[in-house]
Amino acid sequence: QVQLVESGGGLVQPGGSLRLSCAASGRISVFNAMGWYRQAPGKQRELVARIVSGGSTNYADSVKGRFTISRDNAKNTAYLQMNSLKPEDTATYYCNAQKVYLTMGTENFWGQGTQVTVSS
């Protein structure tokens, strides 16, 4: 019953900005970690950014200094602020959420994806 819904993708010119949102719904309260992945045609899906419930973050080298991930734990919502966008950022962006249970292991949830296209 847990669902993740992304929004905020679109077409922007190089150097522009976009802000992606990922809203979670379901019986869960707070995810242990949330992140953003992206996949371009013919390429592997890669981790773009990740944030844990305590606020620690990590980023792919290609987006460091340009992208910022944040979350609102009360809303179970994650955001990805993307600045100084480049054509190579063009991809489908997927939200990921992880829930760790002491007795039941780890669950991963995925959104349907939102398209980001950077082109002049």
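The values are calculated or read from the model by the stated rules, or taken from the named source; none is laboratory data. Computed from a predicted model, the values in this text were never measured in an experiment. Note that we place each Cβ from the backbone using ideal geometry, even for glycine, and neighbour counts take in every protein chain shown. Note: areas computed on protein heavy atoms with side chains; ligands, DNA, RNA excluded. Shrake-Rupley method; radii C 1.70, N 1.55, O 1.52, S 1.80 Å.
Points worth noting:
- Seen from all directions on average, the chain presents a Cα convex hull projection of 7.4 nm².
- Straight-line reach from Lys43: taking Cα to Cα under 30 Å and skipping same-chain neighbours fewer than 8 places apart, the lysines in range are Lys64, Lys86, Lys99.
- Global geometry of the range 37-98, whether rounded, prolate or oblate, following the gyration tensor of its Cα atoms and the 1.5 cut on a/c: prolate
- Cα centroid separation - the range 52-79 against the range 1-27, whole Å: 13 Å
- For the chain, a Gaussian network of Cα nodes joined below 10 Å ranks Ala74, Ala60, Ala49 by mean-square fluctuation, and the top entry is Ala74.
- Relative contact order (%) - criterion: Cα under 8 Å, at least six apart; region: the chain: 35 percent
- Along its principal axes, the range 9-76 has C-alpha extents of 37, 24, 23 angstrom, given from the largest down.
- If R0 is taken as 35 Å, the Cβ-Cβ distance between Lys43 and Asp72 corresponds to a FRET efficiency of 0.70.
- Surface composition of the chain: carbon and sulfur atoms hold 47% of the protein heavy-atom accessible area at a 1.4 Å probe.
- Long-range HN-HN contacts of Phe67 with modeled amide H, under 5 Å: Asn83
- Accessible area (Å², per residue) of the chain, counting only protein heavy atoms and a probe of 1.4 Å: 54 Å²
- What the phi angles of the range 105-115 give under the Karplus curve with 6.51, -1.76 and 1.60, with θ = phi - 60°, is a coupling list of x, 10, 10, 10, 10, 10, x, 7, x, 9, 7 Hz, glycine and proline written as x.
- Between Ser53 and Thr106, the modelled label-to-label distance comes to 1.5 nm, taking each label 7 Å out from Cα in the direction of the beta carbon.
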